[in-house]
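The values are calculated or read from the model by the stated rules, or taken from the named source; none is laboratory data. No experiment lies behind these values; they were computed from the predicted model shown. When we count neighbours, we look across all protein chains shown, and the Cβ atoms used for this are built from the backbone with ideal geometry, even at glycine. Just the protein is used for accessible areas: all its heavy atoms, side chains included, with ligands, DNA and RNA removed. Shrake-Rupley method; radii C 1.70, N 1.55, O 1.52, S 1.80 Å.
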Amino acid sequence: MQNSLKNLFPNFSNELLSSIAENATEQDFESGTILMRTGQYIKNTILITKGKIKIYREDEDGGEFLMYYLQPGQACAISMICATKSQKSQIMAKVDEDVSAIMIPLHLMDKWMMEHRSWYEFVIETYRNRFEEVLEVVDSIAFRSMDERLEFYLKRHQDACGCNEVKLSHQEIASELNTSREVVSRLLKKMEQRGLVKLNRNQIELLR
């Protein structure tokens, strides 16, 4: 565990790595697994070592609103806040690609904040990065047209997977952007005409 953590979290001190190895557990989750539900109390902080987790909000009708993705070397700031304050989760977390994670017990959060400077800095940096991502989402909704929002959405997926293929149906995209499939299909067709994407069945190839 210590070797993989050192590669993914290079700023962790040796003392912190030893504490994680002694107190945390490794766990694997299959794609589609719900790790966190709205209204649920959080008992662990999760460090991602493999795969991808989708963090989103869900409305009363089951519609999903994407907030951000978690990838190897990252942790969820919102779950950290809920854990330290013993508050219920206001978000959903679902495994998007098979995940391996380090599960850190709740009671160690505050303890490590005081004992390990590298953990304190990691938590603060995690808060900052996730806050900036959420601000980008808010800006996208408040200040951009739907075609700009769609381009922003596809770029986020591209950045998250490190690839040029977005394997989502037009309906899945529409649900996350809170619009209709017809609107998404029309805008994607325009993007294809502009040479920005190539449309395939349940897959969109980004060309720029």
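Brief remarks on what is shown
- Inter-part distance, the range 52-130 to the range 1-49, computed on C-alpha centroids, equals 10 Å.
- Computed with the Debye formula from one identical point scatterer per Cα of the range 27-123, without solvent, the log10 of I(q)/I(0) at q = 0.11, 0.21, 0.22, 0.25 Å⁻¹ comes to -0.31, -1.08, -1.17, -1.40.
- Ellipticity estimate at 222 nm from DSSP helix runs (n ≥ 4, -39,500 (n - 2.57)) divided over the chain, nearest 500: -14500 deg cm²/dmol
- Amide H partners (placed H, <5 Å) of Lys50, local residues excluded: Ser100
- Estimated D of the chain in µm² per second, where Rh is the Kirkwood radius over Cα pairs and Stokes-Einstein applies at 25 °C, 0.890 mPa s: 134
- Figure legend: label point modelled 7 angstrom from the Cα of Gln158 along Cα→Cβ; residues of the range 93-136 with amide N under 20 Å from it are 133-134, 136.
- When the GluC sites (Glu not before Pro) in the range 1-66 are filtered for DSSP coil states and for at most 10 other beta-carbon atoms within 10 Å of their beta-carbon, the remaining sites are Glu30, Glu60.
- Placing R0 at 25 angstrom, the Cβ-Cβ distance between Ala21 and Gln87 gives a FRET efficiency of 0.30 after rounding to 0.05.
- Estimated translational diffusion coefficient (Stokes-Einstein, Kirkwood radius over Cα pairs, 10 °C, 1.306 mPa s) of the range 91-143: 115 µm² per second.
- The range 2-141 - accessible surface per residue (Å², probe 1.4 Å): 53
- With 5 Å bins from 0: P(r) over the range 145-206, alpha-carbon pairs, percent: 4, 19, 34, 31, 11, 1
- Taking the chain as the region of interest, the number of lysine pairs whose Cα atoms are within less than 17 Å, with members eight or more places apart or on different chains, is 22.
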